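Chemist: One structure follows; several queries about it will come next.
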Amino acid sequence: MILVRWIVSLLLIVAGLPVSAETLTGQVVGVNDGDTLTLLVAGNHQVKVRLAGIDAPELKQPYGQQAKQALSALAFGKSARVESPGPDKYGRTLGTVFVGAVNVNAELVKRGAAWVYRAYPFPPELEALEAQAQAAKRGLWALQPDQRCPPWDWRHKEPCGSPIVPGRADPPESPMIEGRCGAKRTCGEMTSCEEARFYLTQCGVSRLDRNKDGVPCEALCR
């Protein structure tokens, strides 16, 4: 039920509809990895916060330590505000973290320190930031394709870019397409803009974006 309430709340947020969201303020006193931190709030109470809409490489993955360092540089020891629709299924506070005017979730994607986590609703602007980071080869996008495995696949020892197994714990990103990364290579093989974006951002098929503007297969995506 907690997960269902969170999905409904975040859908309302994305749609711009009113929703009862929680706002937490405090000091960031710990950074667990590239997408999880600890916030010290009033009453000397520590709250673990999972950044919504993104998924950073795990610590043992290539770029995992750098992702943690990126989050630390943005937030550790600083006052932060967390806008949260509620807890995730692990009991962590799920939300968007702001340090001053900086949206930390979006900034991590912009720097190439995290993927957009499409398993759940996410702010649509994150996709554009991810495409820009990939085009500029920032952060994890500078890795070789065989090193750049989405963390949701890595956690479950799946082939990189594999489709979701419904109902699996800690579900990976919802599939934009049928099949696995590697099956297609050209715009002529794409059936939609959504599929083209998946192959560009998740599978590393850079030839889909020939002019390097972050938009794949202009005939489909314009």
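Chemist: Is at least one residue of the range 211-219 at pLDDT below 75, charged (D, E, K, R) and not in a helix (DSSP H, G or I)? Spell out how you get there, then give the answer.
Modeler: We begin by selecting, within the range 211-219, every residue at pLDDT below 75; these are none.
No: zero hits.
Chemist: If a residue counts only when it is at pLDDT 90 or above, which helices (runs of 4 or more DSSP H) contained entirely in the range 73-174 have at least 2 such residues? So that I can check it myself, show each step before the final result.
Modeler: Values: elements: 104-110, 125-135, 151-155.
In the range 73-174, 104-110, 125-135 are the helices (runs of 4 or more DSSP H) which contain 2 or more residues that are at pLDDT 90 or above.
Chemist: Additional query: Name the one entry in VAL47, VAL29 that is over 16 Å from THR96 (Cβ atoms) and among the aliphatic types (A, V, I, L, M). Talk me through it step by step, then tell me what you get.
Modeler: Details: VAL47 fails: over 16 Å from THR96 (Cβ atoms).
When all the criteria are applied, what remains is VAL29.
Chemist: I need every pair where a residue in the range 19-39 that is crowded, with 16+ Cβ neighbours inside 10 Å has its Cβ under 6 Å from the Cβ of a residue that is in a strand (DSSP E or B) and among the basic types (Lys, Arg), sequence separation at least 6 or different chains.
Modeler: As it stands, the answer is THR36/ARG50; THR38/LYS48, since those pairs meet every condition given.
The values are calculated or read from the model by the stated rules, or taken from the named source; none is laboratory data. The structure presented is a predicted model; accordingly, all values stated were derived computationally and were not measured. Methodologically, a virtual Cβ is constructed for each residue, glycine included, from the backbone with ideal geometry; neighbour enumeration extends over all protein chains shown.
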